[in-house]
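Below: one structure, written as structure tokens.
The values are calculated or read from the model by the stated rules, or taken from the named source; none is laboratory data. These numbers come from a predicted model, not from an experiment. Cβ sites come from the backbone with ideal geometry, for glycine too, and all protein chains shown count toward neighbours. Side chains included, ligands, DNA and RNA excluded: accessible areas come from the protein's heavy atoms. Shrake-Rupley method; radii C 1.70, N 1.55, O 1.52, S 1.80 Å.
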Amino acid sequence: MAKVTRRNGGKIMASLIVLLGSLAYIMLLAIVNGLLGHLTALGVSLFGAFAVAKALGEAIPMSYGLLIGLAVGCGVVRGALRYFEQYSNHYIAFRLLATLRDKIFGALRVLCPAKLENKQKGNLIAMITSDIEALEVFYAHTISPICIAILVSLFVFLFVGFVSSWILAIVAAVGYITIGLILPPITSKLLKNSGVEYRKQFASFNAYFLDSIKGIKDIVLNNNEICREQEVDKRSGKLLEQTKITRHKSCVAGCITEALVSIFIALTLIVGITLVYTGNLSIGLMIVGVVAVFGSFGPVIAISNLPSNLTQTFAAGDRILDLLEEKPVVEEVTNGENIEYQNLDIDNLSFSYDNNIEVLKDIKLHAEKGEIIGIVGESGCGKSTLLKLLLRFFDRNSGLLNYNGIDIDNINTSNLLDNVTMVSQNTYLFDETIEENLRIAKQDATMEEIVDACKKASIHNFIMSLPEGYKTRVGALGDNLSAGEKQRLGLARAFLKGSELILLDEPTSNVDSINEGIILRSLAEQKSKKSIILVSHRESTMMLADRIYKMENGKMEETNCPSIA
């Protein structure tokens, strides 16, 4: 069963309109230009109708020349007003899309890194790209058309009532209400679930396809191309089928709208002819009234057609609002204490994801500045999770986790990240130069500091072998940059940052024994200045540690033996 949006359309519209903020005056300008544009467009046919009425004997206090001039003038002015209306709408739309992207990145900064631990990155990319683009329909083609339709309908109703006949005006009003007010909720209900399901499947396909592109090397090496291709085709087929369903329902909704417009236009004409036949209305004023009604359904049709686009827009808006309103797993600490790392104490620490099975149980660990602490254990036993808790990715369930005797929850987040840094198994490199990738750790670093950090990580010689050295763009290297070289660049970042406590998650897993020795020697040289917590399954790596903890089934105890066998 398709999942429906948590908010209804009205709440989503209200929330998106609030985001207009200081751009509201430009939206007002767009509405005014749009209203005047539609009235001038209507004026072209109306002044022509007045000319016909004058020819039929109606007392029209304007000459034929003036009526023709006004009709031509309305056509010219209509073009200019249409331009300014569209310019205003799209100016607002694209300014707001930029603002929304900024808000999303701001929200992710607060929600991460925990957010990326449990959500596919492809899903977030789909939100930042396609979902944001979908909102362009709302800001550029929804708000002002609704306001314009209401104002144009009101104007025509009063005009027809005072100039021609209130009976014709009432028929027109019934048509406006039916097509612009009653029909949209019905078609929206028809399209809602398919629109939401389309956005859901699109995001899922986007995430899967992105993973397939990023992992293409491993797919080929494991001879899994055909299987992966079949799955991509399967998901693409499902997305295509959902697209067909959505398009079919949109066509049905459009046909219903056009049929109702035709019915009310015919009804207006029949009523007008009847009024003339019964002597209640002159033929000239009947023509003026009927022409006014005929030309006024355009803005109302625009409202009626909105649900076919708005179902997906609301689904996209609902996902974006969910992210903007999502509370972080841990709140950033800004009014706590600042420290200069000296020691770490962990006692009876327990943790579980989403309050399910405990990943860590009664963990105890102590580290002093100048010590190298080793943690060994089988894959999946909780070693990496422990390191993430030391950076406060998540809140612990229970137990003590203190830096310098101060609870981690009482230390300012930015200060904690200044004192503690982690090098994970997979180092992400931006499509920038090697130097710029390293400067992420320290923006004001001198070239000498960067070179020294790279020498400590045993990556300097490789960098200097490149034609442009530290100015080489990482993207230009493509697959020539090995996993080991990426890992050593990650180590160089850690050395350059200069944090007092360095957390290393399998720092030598992707390097050979020679480079491992060089890295370990560099770590040993840092021992007097820093604390290092070293997670590894290699016994050779653990030989560097002052003390070793063995982790098994979420529990940890100090041991003299580095073996995990």
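Taking every residue in segment 412-435 that is without any contact (Cβ under 8 Å) to a residue 40 or more places away in the chain and pairing it with any residue that is part of a helix (DSSP H, G or I) and surrounded by 16 or more Cβ atoms within 10 Å (Cβ to Cβ), at least 6 positions away or on another chain, the pairs with Cβ-Cβ distances below 6 Å are GLU435/TYR470.
For (1) modelled with pLDDT under 80; (2) surrounded by 20 or more Cβ atoms within 10 Å (Cβ to Cβ); (3) touching a Phe, Trp or Tyr at 6+ places or on another chain (Cβ under 8 Å); (4) outside any helix (DSSP H, G or I), each residue gets a yes or a no:
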{"position": "ILE167", "(1), (2), (3), (4)": "no, no, no, no"}
{"position": "ILE179", "(1), (2), (3), (4)": "no, yes, yes, no"}
{"position": "ASN193", "(1), (2), (3), (4)": "yes, no, no, no"}
{"position": "ARG199", "(1), (2), (3), (4)": "yes, yes, no, no"}
{"position": "SER204", "(1), (2), (3), (4)": "yes, no, no, no"}
{"position": "ALA207", "(1), (2), (3), (4)": "yes, no, no, no"}
{"position": "ILE213", "(1), (2), (3), (4)": "no, no, no, no"}
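Restricting attention to segment 95-112 and to residues that are in contact with a helix residue (DSSP H, G or I) (Cβ under 7 Å, 6 or more places away or on another chain) and within 15 Å of GLY21 (Cβ to Cβ), the residue that is most open to solvent (accessible area, probe 1.4 Å) turns out to be ARG95. Looking at segment 514-535, can you tell me whether even one residue there is among the charged types (D, E, K, R), at pLDDT 85 or above, out of contact with any helix residue (DSSP H, G or I) (no Cβ under 6 Å at 6 or more places or on another chain) and on the phi < 0 side of the Ramachandran plot? No, every residue in segment 514-535 fails to be among the charged types (D, E, K, R), at pLDDT 85 or above, out of contact with any helix residue (DSSP H, G or I) (no Cβ under 6 Å at 6 or more places or on another chain) and on the phi < 0 side of the Ramachandran plot. All conditions but one from (1) surrounded by 14 or more Cβ atoms within 10 Å (Cβ to Cβ); (2) at pLDDT 90 or above apply to GLY65; the one that does not is (1).
Does ALA457 count as open to solvent by 20 Å² or more (accessible area, probe 1.4 Å) and at pLDDT below 85? Against the criterion (open to solvent by 20 Å² or more (accessible area, probe 1.4 Å) and at pLDDT below 85), ALA457 does not qualify. If only residues of segment 520-546 that are in a loop (DSSP other than H, G, I, E, B) and small (Gly, Ala, Ser) are counted, the one that is most open to solvent (accessible area, probe 1.4 Å) is SER528. Within this structure, ASP452 passes the test of being farther than 13 Å from ILE346 by Cβ and either more than 33 Å from the chain's Cα centre (by Cα) or among the hydroxyl-bearing types (Ser, Thr, Tyr) (or both). A residue that is open to solvent by less than 50 Å² (accessible area, probe 1.4 Å), modelled with pLDDT under 85 and among the small types (Gly, Ala, Ser) occurs somewhere in segment 82-94.
Looking at THR243, THR268, THR278, THR274, just one residue is farther than 28 Å from GLY43 by Cα and at pLDDT 90 or above, and that residue is THR278.
It is to be established whether one or more residues within segment 46-55 are at pLDDT below 85, surrounded by 20 or more Cβ atoms within 10 Å (Cβ to Cβ) and not β-branched (Val, Ile, Thr). The answer is no; no qualifying residue exists. In segment 319-335, of all residues being touching a Ser or Thr at 6+ places or on another chain (Cβ under 8 Å) and of a type outside the set (Ser, Thr, Tyr), the one that is nearest to LYS11 (Cα to Cα) corresponds to LEU321.
All of GLY43, GLY34 fail the test of being open to solvent by less than 20 Å² (accessible area, probe 1.4 Å) and touching a Pro at 6+ places or on another chain (Cβ under 9 Å), apart from GLY34. Checking GLY399, GLY380, GLY370 one by one, the residue that is among the small types (Gly, Ala, Ser), modelled with pLDDT of 90 or more and out of contact with any His (no Cβ under 6 Å at 6 or more places or on another chain) is GLY399 and no other.
Taken over segment 301-358, the criterion of being closer than 26 Å to PRO184 by Cβ and of a type in the set (D, E, K, R) is satisfied by ASP318, ARG319, ASP322. Being of a type in the set (Val, Ile, Thr), at pLDDT below 90 and buried (at least 22 other Cβ atoms within 10 Å of the Cβ) holds for only one residue in ILE186, ILE148, and it is ILE148.
Inside segment 7-25, can you point out the residues that are surrounded by 16 or more Cβ atoms within 10 Å (Cβ to Cβ) and in a helix (DSSP H, G or I)? If the condition is that a residue be surrounded by 16 or more Cβ atoms within 10 Å (Cβ to Cβ) and in a helix (DSSP H, G or I), then GLY9, ILE12, MET13, SER15, LEU16, LEU23 are the ones that fit.
Of all the criteria given as (1) modelled with pLDDT of 85 or more; (2) in a helix (DSSP H, G or I); (3) aliphatic (A, V, I, L, M), the one not satisfied by ALA476 is (1).
Of all residues in segment 464-479, none satisfies being within 28 Å of LEU544 (Cα to Cα) and of a type outside the set (Lys, Arg). The single residue among ASP354, ASP345, ASP362 that is on the phi > 0 side of the Ramachandran plot and touching a strand residue (DSSP E or B) at 6+ places or on another chain (Cβ under 8 Å) turns out to be ASP362.
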